[in-house]
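The values are calculated or read from the model by the stated rules, or taken from the named source; none is laboratory data. Please read these numbers as outputs of a predicted model, since none were measured by experiment. We place every Cβ from the backbone using ideal geometry, glycine too, and count neighbours over all the protein chains shown. Note: areas computed on protein heavy atoms with side chains; ligands, DNA, RNA excluded. Shrake-Rupley method; radii C 1.70, N 1.55, O 1.52, S 1.80 Å.
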Amino acid sequence: MSIVPVPTTAPSADPLRSALASGARPARPGAAAVTLAFGWLALLRIKHVPSQLFDVTVFPLIMLVMFTYLFGGALAGSTGDYLRSVLPGILVMTVTMTTQSTGVALNTDIGDGVFDRFRSLPIWQPAALIGPLLADLVRYATSAAVVVGAGTLLGFRPNAGPLGLLAGAGLVLLFAWSLSWVWTSFGLLARRPESMMFIGMLVTFPLTFVSNVFVDPATLPGWLERCVEVNPVTHLVTATRGLMHGEPVAAQVGIVLLTCAGMVAVFAPVTMRLYRRER
Amino acid sequence: MTTYAILTEDLRKTFGGTVAVDGVDLAVPAGTVYGVLGPNGAGKTTTMRMLATLVRPTSGRARVFGHDVAAEADAVRARISLTGQYASVDGELTGAQNLTLMGRLLGHRHRAAVRRARELLTVFGLEEAADRQVKRYSGGMRRRLDIAAGIVVTPALVFLDEPTTGLDPRSRGQVWDAVRALTDGGTTVLLTTQYLEEADRLADRLAVIDRGRVIATGTPAELKQSVGAGALRVRVQDADRRDEAERILADVLAQPVHHDDDPAALSARLVDPDRAGAALRAFTHAGIEVSALSVGQPSLDEVFLALTGHHARPDTAEEPLS
C-alpha cells in the first residue's frame with residue numbers, strides 16, 4: 001500500500017490533513033546521522049538538567065584540593081611535588097568514577113515509552129546507545145578540564161607541555177569511553193537504578209583506590225602490590241603521568257589501548273544484545 | 001482484492017509460564033481504523049508490541065503489509081509508528097525538541113526537522129508550549145504531542161495504545177479528530193481501547209480480546225447487536241429495597257438483572273428502549289424511590305458478560321454514561 005499524497009497546492013480547510021499530506025518520508029538516515037541525533041538528544045538533556053554536571057565539576061575539584069593538601073606533605077614532602085604525580089591520578093580517578101552514571105542513566109530511561117518508540121524506528125539501532133556515549137565524552141572532557149584547570153592554579157606544571165597534557169587527557173577519555181560499555185551492559189541488566197549505582201561503586205572504588213593513584217605501590221604489602229600491578233587503572237595512571245611529564249611509557253600506553261579494545265569488543269556486543277532483549 | 005495492513009495467524013506470546021496472547025487471528029484491511037477492545041491484561045498491548053516488532057512472537061505469524069514482523073522487522077518499522085500507552089516522548093525535552101529529534105531520526109536534516117516540528121506543533125495547538133519542557137505539559141497536551149511525534153513522517157500504519165485513557169472529554173475529542181484525519185489520508189490505524197464508546201465512534205471493525213484470545217470480531221453495530229440495544233441502570237434510594245426492585249425490573253424487562261458493586265444499583269439489558277419508562281412507572285407504583293435511572297450503551301463489562309459469561313476484571317474502567 002502507498003499513501004497517496006494530497007497535492008499541496010490544493011487549499012486544505014484542515015491543517016491537520018495538510019500536515020499529514022506533507023509528511024513525506026525522507027531517505028533513510030545513515031548510522032552517523034542517527035548517532036549524532038541521539039548525541040544531540042543527550043546534550044539537550046544535560047542542558048535542561050545542568051545538575052547532571054555536578055559530578056564532573058564539583059566532585060573532581062574537591063578530590064584534587066582535598067588529596068593534594070591532605071596527603072601532599074606526608075607522602076611527597078610538599079604539596080607541589082605531590083601535585084606532579086597525583087594530578088594525573090586524580091584525573092584518572094574522577095573520570096573513571098564518573099563513567100558509571102552512564103549505566104544509571106540508561107537504567108532509568110530504558111523503561112520509558114520513548115525507548116519503545118526508538119526501538120520501533122527503521123534506524124541503525126546501536127545509535128541509541130552510542131549517541132549518548134558520545135555526549136558522555138563531553139562530560140568526561142569537562143571533568144578533565146576542571147582537574148587540569150584547577151591543578152594549573154595550584155601550581156601543576158607538566159614537563160611535556162600542552163601537547164603532553166592533551167595526549168594524557170585523551171588517553172583517559174578513551175579509557176572512560178571504553179569502560180562506559182561495561183556500564184551500559186550493567187545498566188541494561190540491573191533491575192533498578194539503585195542496584196546499578198551499587199554495582200558501580202563496588203567496581204570503581206577498588207579499581208581506582210587499589211592503584212598507584214595516591215601511593216607508590218612499592219610501599220604496599222606484597223599481595224596488595226600484585227593487585228595494584230595487574231589493575232588496568234595503574235597502567236592508565238602510569239601512562240598518563242608519563243605522557244604529561246614526557247617520560248617513556250609506550251608499553252603502558254599499549255596495555256591501556258589493548259584494555260580499551262578488549263572492553264569494547266566484549267561489552268559493546270553484550271550491550272546491544274541486552275538492548276534488543278524484550279522488556 | 002483487499003489489501004491487508006495486518007494479518008496474523010494463531011499469534012501467541014508466552015512470558016515465562018504466563019500466556020499473554022493465546023492464538024490471535026486478526027485481519028485489518030488497509031485504510032481502516034481497527035479497534036482492539038478488552039480489559040487490562042487481556043493481551044491487547046502485547047499483541048500490539050508484537051506487531052510493532054518490539055516483542056517476538058512465541059509462535060504463529062504476523063505480517064504488516066506483507067512483511068513478517070520477526071524476519072523483516074526493518075521493512076515493518078519503515079511503515080509503522082507506535083504511540084505507546086505511556087507517553088512516548090522525553091519529559092526533559094521541550095515539545096519542539098522532541099519533534100525535531102523524531103524528524104532527525106527519520107532522516108530529515110536538522111533545519112527541515114525544526115520546520116516540520118513547528119508545523120506539527122501549530123497543527124496540534126501546542127505552539128505556545130513549544131519551548132516548554134514536556135514534563136510541564138498537561139495530560140492532554142502530552143498525548144497530542146505524542147500523536148504528533150507519530151506522524152512527523154506520515155506512516156502507513158499507526159499503532160495507538162489506549163490513546164485516550166485518562167484524558168478529559170475535550171482532549172479525547174481532539175485525539176478522535178486526529179485519528180479520523182489519519183484515515184482520510186489513507187493511513188491505517190490500529191487502536192486499543194477499554195472504552196466501547198471510543199471503539200464505536202472510531203473503529204470500522206473491532207476485535208474483542210479476553211485472556212489472550214479474540215472472542216468476537218465485527219463492526220461496532222454487529223457487536224452491539226449481539227449484546228443488546230442498550231442497558232438500563234437504576235439506583236434505588238434505599239439499598240434495603242434493592243431485591244424488591246430487582247424483581248420488578250426483571251418482570252418489566254423480561255431480562256436477567258445484574259447487581260453492581262454499589263449496593264443500591266442494578267443494571268439490565270434493554271432490548272426495547274420504551275420499556276425504560278415502564279420500569280420507572282412500576283417503581284413508582286411499588287413506592288420504591290429511584291435516585292438515578294439512565295439508559296446507555298452497554299458498558300464494556302456488559303459486552304463481556306454477554307460474550308464470555310464472566311465479568312471483565314474489576315479494575316476495568318467503565319464507559320462513562322452520558
- prompt: Does the range B:218-241 hold any residues that are open to solvent by 30 Å² or more (accessible area, probe 1.4 Å) and without any contact (Cβ under 8 Å) to a residue 60 or more places away in the chain, and which are they?
  reply: B:THR219, B:ALA221, B:GLU222, B:GLN225, B:ALA229, B:ARG235, B:GLN237, B:ASP238, B:ALA239, B:ASP240, B:ARG241
- prompt: Could you say whether any residue in the range B:244-260 is modelled with pLDDT under 90, of a type in the set (A, V, I, L, M, F, W, C), open to solvent by 10 Å² or more (accessible area, probe 1.4 Å) and in a strand (DSSP E or B)?
  reply: yes
task: Those residues that are outside any helix (DSSP H, G or I) and farther than 24 Å from A:PRO132 by Cβ, I need them from the range A:226-279; list them, please.
output: A:ASN231, A:GLY246, A:GLU247, A:PRO248, A:VAL249
task: All but one of (1) within 11 Å of chain B (Cβ to nearest Cβ); (2) surrounded by fewer than 20 Cβ atoms within 10 Å (Cβ to Cβ) hold for A:VAL114, so report the exception by its number.
output: (2)
- request: Return the only residue of A:SER2, A:SER12 being part of a loop (DSSP other than H, G, I, E, B), of a type outside the set (A, V, I, L, M), out of contact with any helix residue (DSSP H, G or I) (no Cβ under 9 Å at 6 or more places or on another chain) and modelled with pLDDT under 85.
  value: A:SER2
Matching option when the condition is more than 8 Å from chain A (Cβ to nearest Cβ) and among the hydrophobic types (A, V, I, L, M, F, W, C), among B:LEU121, B:LEU101: B:LEU121
message: On the basis of being buried (at least 21 other Cβ atoms within 10 Å of the Cβ), in contact (Cβ under 8 Å) with a residue 12 or more places away in the chain and either more than 10 Å from chain A (Cβ to nearest Cβ) or not charged (D, E, K, R) (or both), does B:LEU202 make the cut?
response: yes
message: Could you tell me how many of the residues in the range B:2-33 are within 12 Å of chain A (Cβ to nearest Cβ) and out of contact with any Gly (no Cβ under 6 Å at 6 or more places or on another chain)?
response: 13
query: Is it fair to say A:ILE130 is closer than 30 Å to B:SER88 by Cβ and either touching a helix residue (DSSP H, G or I) at 6+ places or on another chain (Cβ under 8 Å) or of a type in the set (A, V, I, L, M) (or both)?
result: yes
- prompt: Does B:ARG170 satisfy being farther than 30 Å from B:ASP274 by Cβ, of a type in the set (Lys, Arg), touching a residue at least 40 places away in the same chain (Cβ under 8 Å) and open to solvent by 60 Å² or more (accessible area, probe 1.4 Å)?
  reply: no
statement: Over the range B:191-202, the set of residues within 22 Å of B:ALA156 (Cα to Cα), among the aliphatic types (A, V, I, L, M) and touching an Asp or Glu at 6+ places or on another chain (Cβ under 9 Å) is B:LEU191
message: Being closer than 30 Å to A:THR271 by Cβ, open to solvent by 10 Å² or more (accessible area, probe 1.4 Å) and either in a helix (DSSP H, G or I) or at pLDDT 85 or above (or both) is true for just one of A:THR57, A:THR99, A:THR94. Which residue is that?
response: A:THR57
query: Just one of A:ALA144, A:ALA127 is crowded, with 21+ Cβ neighbours inside 10 Å and within 13 Å of chain B (Cβ to nearest Cβ); which is it?
result: A:ALA127
field: The listed residue being within 17 Å of B:ALA203 (Cβ to Cβ), open to solvent by 10 Å² or more (accessible area, probe 1.4 Å) and among the hydrophobic types (A, V, I, L, M, F, W, C), out of B:ALA5, B:ALA42, B:ALA30
entry: B:ALA30
- request: Please find, within the range A:119-136, the residue that is farthest from A:ARG45 (Cα to Cα) out of those that are hydrophobic (A, V, I, L, M, F, W, C) and free of Cβ contacts under 8 Å to residues at least 60 places away in the same chain.
  value: A:LEU121
message: If I filter the range B:229-244 for residues that are closer than 30 Å to B:PRO29 by Cα and touching an Asp or Glu at 6+ places or on another chain (Cβ under 9 Å), do I get at least one hit?
response: yes
field: In the range B:67-90, the residues that are without any contact (Cβ under 8 Å) to a residue 60 or more places away in the chain, more than 7 Å from chain A (Cβ to nearest Cβ) and either in a loop (DSSP other than H, G, I, E, B) or open to solvent by 40 Å² or more (accessible area, probe 1.4 Å) (or both)
entry: B:HIS67, B:VAL69, B:ALA70, B:ALA71, B:GLU72
query: Picking from A:PRO158, A:PRO162, which residue would you name as being modelled with pLDDT of 90 or more and either touching a helix residue (DSSP H, G or I) at 6+ places or on another chain (Cβ under 7 Å) or not in a helix (DSSP H, G or I) (or both)?
result: A:PRO158
message: Just to verify a result, which residue in the range B:34-66, among those that are in a strand (DSSP E or B) and farther than 30 Å from B:GLU302 by Cα, is farthest from the other protein chains (Cβ to nearest Cβ)?
response: B:ARG61
